[in-house]
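One structure below.
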Amino acid sequence: MKTVLNIQSSLFQQQGQSSQLSATLAQQLLGEHDQLVTRDLATEPVPHLTAERFTAFLTPAADRTPEQQAVVAYSDALIDELRAADVIVLGLPMYNFGVPSTLKAYFDHVARAGVTFQYTAEGPKGLLTGKKV
């Protein structure tokens, strides 16, 4: 069974053209027994990165406050969703010559050193391999 993760970032939610396009593509990628997971960043926005949130990622697990544990647990849930996906479809509009800030916030929560990538002598190396985007 294959899992398709459709990440939508249009302010206009399901009425946005990028959302409609990505939903159509995600449906076309599904087989008879495959699973579709949709993350709509307009209806469930990821909090923007703050110093407190970033510090939670850097704090050793044993030293985290309850608030920091909640921040990391939220990020871990997003990462688990990515790990479970075989195919990732990005519904991506462009606003003011860039990606929506909600998508950037999502990336800030899933790009974690030692979890989804690692630093090497050759530069950063991704740890979530085998995905088609």
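For this structure, a couple of remarks:
- FRET efficiency estimate (nearest 0.05) - Cβ-Cβ, ASP86 to THR55, R0 35 angstrom: 0.60
- Portion, in percent, of the accessible area of the chain that falls on carbon or sulfur, probe 1.4 Å: 57 percent
- Sequence-separation-based contact order of the stretch 46-106, relative, with Cα cut under 8 Å and 6+ spacing, percent: 43 percent
- Inter-label distance, TYR74 to LEU21: 3.0 nm, where each label sits 7 Å from its Cα along the C-beta direction.
- Once the Cα-Cα distance is subtracted from the 0.36 nm per residue extended length, the VAL99 to HIS33 segment shows a gain of 20.5 nm.
- Shape of the stretch 26-103, Cα gyration tensor, a/c cut at 1.5: oblate
- The chain: calculated mean residue ellipticity at 222 nm from DSSP helix runs of at least 4, using -39500 (n - 2.57): -12000 deg cm²/dmol
- Applying both filters, DSSP loop and at most 13 other Cβ atoms within 10 Å, to the GluC sites (Glu not before Pro) of the stretch 1-88 gives GLU32.
- Peptides 95-105, 3-13, 53-63 ranked from most to least packed give 3-13, 95-105, 53-63, packing being the mean of other C-beta atoms within 10 angstrom over each peptide's residues.
- Placing +1 on each Lys and Arg Cβ and -1 on each Asp and Glu Cβ, with no other charges, gives the chain a dipole about its Cα centre of roughly 280 debye.
- The residues of the chain have, on average, 61 Å² of accessible surface per residue, using a 1.4 Å probe with all protein chains present.
- Placing unit charges on the Cβ atoms of the charged side chains and taking the dipole of the stretch 15-100 about its Cα centre, the candidate lying farthest along the positive direction among HIS48, ALA84, ASN96 is ASN96.
- With all protein chains in place and ligands, DNA and RNA left out, the 1.4 Å accessible area ranks HIS48, HIS33 as HIS33, HIS48, largest first.
- Taking every C-alpha pair closer than 8 Å and separated by at least 6 residues, the mean separation divided by the residue count of the stretch 1-94 gives a relative contact order of 49 percent.
The values are calculated or read from the model by the stated rules, or taken from the named source; none is laboratory data. None of these values were measured; they are calculated from a predicted model. Methodologically, a virtual Cβ is constructed for each residue, glycine included, from the backbone with ideal geometry; neighbour enumeration extends over all protein chains shown. To get the accessible areas, we keep the full protein, side chains included, count just its heavy atoms, and leave off ligands, DNA and RNA. Shrake-Rupley method; radii C 1.70, N 1.55, O 1.52, S 1.80 Å.
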